[in-house]
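Everything on this sheet refers to the single structure shown next.
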Amino acid sequence: MWGFCKLQFMRAVLFFLFACCSICAEKPLAVYLTWIDNPLTTIEVMWLTTNADCGQLTWNGQTIEALHKNLPQLPATLHQVSLKGLTPGEKYSFSLEDEKYQFSMPRPELPCHFIVGGDCYHDEKEIYFKMLRTIAEKKPDFVVFGGDLAYSVQKKAGPEHPERWITFLSGLTDYMKKGDELIPVLTAIGNHELLGGYGQTPEKASLYYSLFPGNGFRKLQFDHYLNLFILDSGHTHEIAGAQTEWLKKTLENPSNIPYSFAVYHVPAFPTVRPYTYSYSKEIRKNWVPFFEKFKLTAAFEHHDHTLKRTFPILNNDAVKTGGVVYFGDGTCGVGDPRVPKEVGTVWYLAYSKQAQAVWDVTLTKEKAFFQALSADGTILDKTEISPSLGKSTTP
């Protein structure tokens, strides 16, 4: 009898030990990288699990306990670890359970290579995944998505489909890689990230701001060569008012940085919606004068589901040099792009096409090179822009 009880006791102990060791053995639903602070010395490691206890990261032989956030809209817990004090240009690795992940920090000097797209998981997931594979093949330093990422809210009044975020994020995990390295991702907010679409508070986009923490409008500075302004085109922050005041103050800060870009969702210079579209008018009234005054290199716009490039624009006119070029218009994962306005029918369009595409950008000391890439990697359009030191011109 004693022997039988002892055997049962040992079985219970072994089962308990096995359960403890296996409690985090599940594969994360998604693992991705983003930035809140200095993109050359810090990075945010984000991962989703169905098990709230799977929140430890191994880094340089040490175990780091993540910040955890339960996501009530999803059967998942979000984990976040901020890695700081990193060296620009260096390659790093970390582990989640037995799975190893790698990434490289951006270099501290030019050249710099990044890709911008928007309106991502719009149609079938394979359409979105195909574009991710094309992006990854180009091996960018990072990627920026300008809103309407997962289309979790497809109509203003809802309902919300939060499970689409799992597909969006798992796509980044599976395909957003250069070799064995994860590619960091930055995002701007779009109207399909929240109920109501426009004129709401950040609380109405709680899932978006949980998955991509940070203010709705901010600047990221890549050492001495690039300023990136991520803006909110009226979704959880007004275009006018505090956001415009912040933009003006930030742009007018003296800088010797040769390249500055803005990324946001609704286009100032639309290819499908009318020129009089209210949010486009608000951006032209509030942001465009400061883009021009402080010599923004270019702006990336989305929302209209077409491919476009404008002429350089200055003082409400197309010019040969000295203006701001606007690239767009959000067809990263759109399988059936809309028909855009034709070149010659509106004064600002230099190129337009009904096509799924993203913009591939390479910055060098001499030029910035832009290529519109289709989902199969075909170059649909290209141009180049000389750097500017961001000095103020006459408004």
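Mind listing whichever residues of region 112-132 are in a strand (DSSP E or B) and either touching a helix residue (DSSP H, G or I) at 6+ places or on another chain (Cβ under 9 Å) or without any contact (Cβ under 8 Å) to a residue 60 or more places away in the chain (or both)?
As a first pass, look at region 112-132 and keep what is in a strand (DSSP E or B): 112-117.
Once the filter is applied, which keeps residues that are in a strand (DSSP E or B) and either touching a helix residue (DSSP H, G or I) at 6+ places or on another chain (Cβ under 9 Å) or without any contact (Cβ under 8 Å) to a residue 60 or more places away in the chain (or both), region 112-132 yields Ile115, Gly117.
Please specify each residue of region 345-371 satisfying the condition of being among the β-branched types (Val, Ile, Thr), assigned to a strand (DSSP E or B) and over 17 Å from Val116 (Cβ atoms). Talk me through it step by step, then tell me what you get.
Residues of region 345-371 that are among the β-branched types (Val, Ile, Thr), as a first pass: 345-346, 358, 361-362, 364.
With assigned to a strand (DSSP E or B) added as a condition, the list becomes 346, 358, 361-362.
If the condition is that a residue be among the β-branched types (Val, Ile, Thr), assigned to a strand (DSSP E or B) and over 17 Å from Val116 (Cβ atoms), then Val346 is the only one that fits.
Residue check: is Ser82 over 26 Å from Leu363 (Cα atoms), modelled with pLDDT of 95 or more, surrounded by 14 or more Cβ atoms within 10 Å (Cβ to Cβ) and touching a His at 6+ places or on another chain (Cβ under 7 Å)?
Numbers: over 26 Å from Leu363 (Cα atoms): yes; modelled with pLDDT of 95 or more: yes; surrounded by 14 or more Cβ atoms within 10 Å (Cβ to Cβ): yes; touching a His at 6+ places or on another chain (Cβ under 7 Å): no.
Considered against the rule, which asks whether it is over 26 Å from Leu363 (Cα atoms), modelled with pLDDT of 95 or more, surrounded by 14 or more Cβ atoms within 10 Å (Cβ to Cβ) and touching a His at 6+ places or on another chain (Cβ under 7 Å), Ser82 comes out as no.
Quick one: Trp246 ticks every box in (1) within 20 Å of Ser280 (Cα to Cα); (2) under 18 Å from the mean Cα position of the chain (by Cα) bar one, so which box is it?
Going through the list (1) within 20 Å of Ser280 (Cα to Cα); (2) under 18 Å from the mean Cα position of the chain (by Cα), Trp246 breaks only (2).
Before we move on, is Gly196 small (Gly, Ala, Ser), under 23 Å from Pro75 (Cα atoms) and outside any helix (DSSP H, G or I)?
Numbers: small (Gly, Ala, Ser): yes; under 23 Å from Pro75 (Cα atoms): no; outside any helix (DSSP H, G or I): yes.
So Gly196 fails the test.
If a residue has to be within 18 Å of Gly199 (Cα to Cα) and in a loop (DSSP other than H, G, I, E, B) to count, how many in region 235-268 make the cut?
Count: 12.
Condition (residue is under 22 Å from the mean Cα position of the chain (by Cα), part of a strand (DSSP E or B) and charged (D, E, K, R)) applied to region 305-320: is it met by at least one residue?
Yes.
Could you give every pair whose Cβ atoms fall below 7 Å, whose first residue belongs to region 180-203 and is surrounded by fewer than 22 Cβ atoms within 10 Å (Cβ to Cβ), and whose second residue is assigned to a strand (DSSP E or B) and acidic (Asp, Glu), counting only separations of at least 6 or pairs across chains?
Leu195/Glu160
Please verify whether region 290-298 includes one or more residues that are under 30 Å from Phe129 (Cβ atoms) and outside any helix (DSSP H, G or I).
Initial filter on region 290-298 (under 30 Å from Phe129 (Cβ atoms)): 298.
After this cut, where a residue has to be outside any helix (DSSP H, G or I) as well, the list is 298.
Yes - at least one qualifying residue is present in region 290-298.
Quick one: which of Ala375, Ala299, Ala357 is closer than 15 Å to Pro267 by Cα and assigned by TED's automatic domain parsing to the domain that holds Ile127?
Values: Ala375 fails: closer than 15 Å to Pro267 by Cα; Ala357 fails: closer than 15 Å to Pro267 by Cα.
Result of the check over Ala375, Ala299, Ala357: Ala299.
Which one is nearest to Val153 (Cα to Cα) among residues in region 38-82 that are touching a strand residue (DSSP E or B) at 6+ places or on another chain (Cβ under 8 Å) and acidic (Asp, Glu)? Explain how you work it out, then say what you get.
Residues of region 38-82 that are touching a strand residue (DSSP E or B) at 6+ places or on another chain (Cβ under 8 Å), as a first pass: 38-40, 42-52, 54-59, 63-71, 73-74, 76-82.
When the remaining residues are screened for being acidic (Asp, Glu), the result is 44, 65.
Values: Glu44: 26, Glu65: 32 Å.
Ranking the qualifying residues of region 38-82, first place goes to Glu44.
Taking Asp329 as the residue in question, decide whether it is surrounded by fewer than 21 Cβ atoms within 10 Å (Cβ to Cβ) and either outside the structural domain of Gly190 (by TED's automatic domain parsing) or acidic (Asp, Glu) (or both).
On the way: surrounded by fewer than 21 Cβ atoms within 10 Å (Cβ to Cβ): no; either outside the structural domain of Gly190 (by TED's automatic domain parsing) or acidic (Asp, Glu) (or both): yes.
Taking the combined requirement at face value, the residue does not satisfy it.
Inspect all residues belonging to region 133-142 and state whether any of them is among the hydroxyl-bearing types (Ser, Thr, Tyr) and assigned to a loop (DSSP other than H, G, I, E, B). Explain how you work it out, then say what you get.
Restricting attention to region 133-142, the residues satisfying the condition of being among the hydroxyl-bearing types (Ser, Thr, Tyr) are 134.
With the extra rule that they be assigned to a loop (DSSP other than H, G, I, E, B), the set shrinks to none.
No, there is no match, as no residue in region 133-142 is among the hydroxyl-bearing types (Ser, Thr, Tyr) and assigned to a loop (DSSP other than H, G, I, E, B).
Can you pull out every residue in region 323-340 that is over 30 Å from Lys125 (Cβ atoms) and either assigned to a loop (DSSP other than H, G, I, E, B) or acidic (Asp, Glu) (or both)? Break it down into steps so the answer makes sense when it comes.
Applying the first criterion (over 30 Å from Lys125 (Cβ atoms)) to region 323-340 yields 323-325.
Gly323, the sole residue that qualifies.
Looking at this structure, is Thr321 out of contact with any Cys (no Cβ under 6 Å at 6 or more places or on another chain), more than 16 Å from Leu380 (Cβ to Cβ) and modelled with pLDDT under 95? Even if it seems obvious, please write down each step before you answer.
On the way: out of contact with any Cys (no Cβ under 6 Å at 6 or more places or on another chain): yes; more than 16 Å from Leu380 (Cβ to Cβ): yes; modelled with pLDDT under 95: yes.
Against the criterion (out of contact with any Cys (no Cβ under 6 Å at 6 or more places or on another chain), more than 16 Å from Leu380 (Cβ to Cβ) and modelled with pLDDT under 95), Thr321 qualifies.
Considering Lys156, Lys139, which residue is surrounded by fewer than 17 Cβ atoms within 10 Å (Cβ to Cβ) and under 23 Å from Phe370 (Cα atoms)? Let's see the steps before the verdict.
On the way: Lys156 fails: under 23 Å from Phe370 (Cα atoms).
Just a single option satisfies the conditions, and that option is Lys139.
Going by what's in this entry, would Leu228 be described as surrounded by fewer than 21 Cβ atoms within 10 Å (Cβ to Cβ), under 24 Å from Thr41 (Cβ atoms), in the same structural domain as Ala350 (by TED's automatic domain parsing) and in contact with a Phe, Trp or Tyr (Cβ under 9 Å, 6 or more places away or on another chain)? I'd like the intermediate steps shown before the answer.
Working: surrounded by fewer than 21 Cβ atoms within 10 Å (Cβ to Cβ): no; under 24 Å from Thr41 (Cβ atoms): yes; in the same structural domain as Ala350 (by TED's automatic domain parsing): yes; in contact with a Phe, Trp or Tyr (Cβ under 9 Å, 6 or more places away or on another chain): yes.
No; evaluated as a whole, the condition is false for this residue.
Sort out which residues of region 51-79 are polar (S, T, N, Q), more than 24 Å from the chain's Cα centre (by Cα) and surrounded by 12 or more Cβ atoms within 10 Å (Cβ to Cβ), and write them in order of number. Explain how you work it out, then say what you get.
Residues of region 51-79 polar (S, T, N, Q): 51, 56, 58, 60, 62-63, 70, 73, 77.
Filter again for more than 24 Å from the chain's Cα centre (by Cα), leaving 51, 56, 58, 60, 62-63.
Scanning region 51-79 gives Asn51, Gln56, Thr58.
So, in region 210-234, exactly how many residues are outside any strand (DSSP E or B) and without any contact (Cβ under 8 Å) to a residue 24 or more places away in the chain? Can you show your working first?
If we filter region 210-234 for residues that are outside any strand (DSSP E or B), which is where we start, we get 210-217, 223-225, 231-234.
Retained after the next criterion (residues that are without any contact (Cβ under 8 Å) to a residue 24 or more places away in the chain): 215.
Number satisfying all stated conditions: 1.
The values are calculated or read from the model by the stated rules, or taken from the named source; none is laboratory data. Note that the coordinates shown come from a computational prediction; the quantities given were computed from them, not determined experimentally. Positions of Cβ are generated from backbone atoms using ideal geometry, with glycine treated the same way; all protein chains shown enter the neighbour counts.
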